[in-house]
């Protein structure tokens with residue numbers, strides 16, 4: 001859509017303006033350049049350069065990672081509901097970070113993302129092993145819910161053991177918080193991004209082939225299972241470092257890909273990937289403003305706000321998916337068979353190779369009628 | 001059928017004995033001594049003021065959750081409808097936490113907690129009902145919406161806890177579900193509530209069995225399906241809220257106990273409803289005993305005195321494993 005880019009840019013600009021100026025002390029917009037220039041001289045300069053800018057950068061980076069990872073997961077599993085939270089990936093990563101904190105094992109900061117990755121691999125791997133890769137979306141989802149619940153229980157055991165101060169810290173962390181993050185946290189994220197970004201670029205075209213279904217992908221020369229595993233590994237590498245730094249920020253990985261898809265219904269995975277990352281960044285930056293300012297002296301975690309924003313949006317998307325399957329099916333049709341005119345109705349083959357979810361929904365709607 | 005009941009009752013008794021013996025502090029010999037009327041004042045206090053009410057609360061809460069789950073699954077004709085995935089348990093937790101944070105309720109006014117939990121549970125169920133469109137479509141869609149509703153309610157609970165951070169320490173045990181430190185007051189609060197609503201569920205057993213057969217059949221047999229379903233849902237919410245107010249959100253008990261009960265006793269609810277109560281009691285009580293034993297062993301092995309394993313963690317892990325088995329065993333999409 002033509003107005004998508006201006007909308008995106010203006011939203012980011014507005015949210016960044018709010019994030020940099022509002023708060024205590026209030027720095028008016030015209031004073032921002034001078035505050036940035038002499039960073040160490042004034043209070044406003046220190047606050048802006050040492051607290052607000054890193055926080056903004058972190059929010060952008062984390063949102064972009066989560067959005068991209070969500071899209072990769074959903075495309076690789078061909079499941080519009082494959083969310084990091086639901087697959088046990090986020091809970092696993094959080095468990096990996098919280099365990100040493102409670103058990104009072106001191107570890108260097110560089111190891112923390114590795115622990116998070118270990119936990120994420122554990123959670124995600126358990127889910128996918130238990131559910132089987134090719135199963136129906138809802139089976140994977142329910143299995144993921146079970147694994148996530150088990151990991152949650154392990155986390156809660158840790159929380160029961162922790163003392164009051166640790167408990168506050170862990171609880172805030174578990175909800176996903178950006179408060180008091182500095183440049184150190186941002187620089188910790190860079191190496192992982194450097195690994196993940198080229199991998200993403202490489203895997204995006206494969207993803208749009210995977211979308212056609214395993215048999216067609218094999219026929220086109222893609223080893224489907226191996227490609228899928230690689231995509232999952234990339235998603236884990238994207239999610240785990242972010243989780244290590246700011247905790248599991250909920251529902252971004254669900255909201256961003258759906259926004260990207262809904263706004264460009266005719267594109268394919270290669271086009272959706274940057275949009276999904278951009279929308280993820282927007283969601284986190286926008287949600288961070290009420291998280292910082294809504295209950296002013298108390299900071300609320302950004303994850304609670306994304307959950308409160310994201311779940312109603314998700315429900316609305318799910319429900320409107322019932323009513324507007326035609327648009328999506330047309331999109332898939334043009335995906336699958338480029339040469340066909342896109343206004344042609346869905347042919348039986350394209351419907352057959354579309355999402356299982358959609359045919360499920362159609363069947364459910366038929367039963368209801 | 002009768003033999004199965006006796007076997008299950010025996011299992012419950014075994015679990016109860018294990019629960020009485022498992023805790024730390026008193027060795028089995030001392031327990032035997034106290035039962036015979038001996039023991040010094042401290043031992044008698046531990047046994048009669050701590051262990052016995054804990055045992056009774058675990059039994060009562062387990063029975064409540066089992067019955068509530070079976071009633072819900074029958075009324076919605078949905079094998080995946082447990083109180084945890086229909087928004088009832090998270091709603092009840094939210095209600096209770098909100099009431100505690102606002103100062104309307106606390107440990108000194110337990111009745112208010114139960115009422116608040118009940119209101120929250122009703123709100124959660126109503127939210128799902130609104131979203132999923134009368135709750136009867138596709139079981140998986142309903143379960144999916146239930147997961148979403150639970151996420152919203154969990155987020156709200158988190159917000160409340162952050163606004164009132166002082167409560168976090170006392171509430172966290174309750175988010176996971178534990179029978180730690182339950183005393184006679186909790187039991188006195190739980191049993192009249194459980195008895196009243198359990199009796200109501202028992203009266204509804206016949207209509208619910210008809211509802212399991214499908215709406216057309218039930219209507220043909222002369223049942224007002226709408227009224228029966230509404231009262232059954234009310235009953236399930238009330239039972240869940242009572243259990244949540246007493247022990248907190250024990251994961252997966254209400255989802256999986258009914259499956260076990262139906263597998264053992266068949267789908268005639270007049271038989272399997274008491275069966276579900278027995279299974280629930282046995283499961284919660286047994287897991288509590290196992291959790292106590294495990295935390296004792298772990299504390300001894302790791303030399304880590306603070307370690308206590310809440311029973312909710314154990315039931316959640318157990319339930320997650322069982323759910324995996326159920327999902328895997330099922331053909332591709334019908335559960």
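The values are calculated or read from the model by the stated rules, or taken from the named source; none is laboratory data. Predicted, not measured: the structure shown is a model, and the values here were computed from it. As a convention, Cβ positions derive from the backbone with ideal geometry for all residues, glycine included, and neighbour counts pool all protein chains shown.
Could you please find all residues in the range B:26-43 being in a helix (DSSP H, G or I), within 18 Å of residue B:16 (Cα to Cα) and in contact with a helix residue (DSSP H, G or I) (Cβ under 7 Å, 6 or more places away or on another chain)?
B:28, B:30, B:31, B:34
Mind listing just one residue for me: the one in the range B:256-305 that is in a loop (DSSP other than H, G, I, E, B) and touching a helix residue (DSSP H, G or I) at 6+ places or on another chain (Cβ under 7 Å) and, of those, modelled with the lowest pLDDT?
Once the filter is applied, the top-ranked residue is B:305.
Has the range A:229-236 got at least one residue that is away from chain B (no Cβ under 14 Å), surrounded by fewer than 20 Cβ atoms within 10 Å (Cβ to Cβ), in a helix (DSSP H, G or I) and at pLDDT 80 or above?
yes
Among the residues of the range A:268-278, how many are surrounded by fewer than 24 Cβ atoms within 10 Å (Cβ to Cβ) and touching a helix residue (DSSP H, G or I) at 6+ places or on another chain (Cβ under 8 Å)?
Going residue by residue through the range A:268-278, those that are surrounded by fewer than 24 Cβ atoms within 10 Å (Cβ to Cβ) are A:268, A:270-271, A:274-275.
Keeping just the survivors that are touching a helix residue (DSSP H, G or I) at 6+ places or on another chain (Cβ under 8 Å) gives A:268, A:270, A:275.
Within the range A:268-278, residues that are surrounded by fewer than 24 Cβ atoms within 10 Å (Cβ to Cβ) and touching a helix residue (DSSP H, G or I) at 6+ places or on another chain (Cβ under 8 Å) number 3.
Identify the residue in the range A:239-268 that is under 14 Å from residue A:82 (Cβ atoms) and more than 14 Å from chain B (Cβ to nearest Cβ) and, among all such residues, is modelled with the lowest pLDDT.
Applying the filter and picking the extreme gives A:261.
Is it the case that residue A:107 is away from chain B (no Cβ under 14 Å), under 19 Å from residue A:94 (Cα atoms) and either modelled with pLDDT under 75 or in contact with a strand residue (DSSP E or B) (Cβ under 6 Å, 6 or more places away or on another chain) (or both)?
Considered against the rule, which asks whether it is away from chain B (no Cβ under 14 Å), under 19 Å from residue A:94 (Cα atoms) and either modelled with pLDDT under 75 or in contact with a strand residue (DSSP E or B) (Cβ under 6 Å, 6 or more places away or on another chain) (or both), residue A:107 comes out as yes.
Search the range B:260-289 for residues that are over 17 Å from residue B:179 (Cβ atoms) and pair each with any residue that is not in a helix (DSSP H, G or I) when their beta-carbon atoms are under 7 Å apart and the residues are at least 6 apart or on different chains.
Listed pairs, sorted by first residue: B:271/B:1; B:272/B:266.
Yes/no matrix, rows are residues, columns are (1) more than 9 Å from every other protein chain (Cβ to nearest Cβ); (2) buried (at least 24 other Cβ atoms within 10 Å of the Cβ); (3) in a helix (DSSP H, G or I); (4) at pLDDT below 80:
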{"residue": "A:143", "(1), (2), (3), (4)": "no, yes, yes, yes"}
{"residue": "A:146", "(1), (2), (3), (4)": "no, yes, yes, yes"}
{"residue": "A:154", "(1), (2), (3), (4)": "no, no, yes, no"}
{"residue": "A:172", "(1), (2), (3), (4)": "no, no, yes, yes"}
{"residue": "A:181", "(1), (2), (3), (4)": "yes, no, no, yes"}
{"residue": "A:186", "(1), (2), (3), (4)": "yes, no, yes, no"}
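Test of understanding: among A:100, A:137, which residue is at pLDDT below 70 and either in contact with a helix residue (DSSP H, G or I) (Cβ under 8 Å, 6 or more places away or on another chain) or within 27 Å of residue B:147 (Cβ to Cβ) (or both)?
On inspection, the qualifying residue turns out to be A:137.
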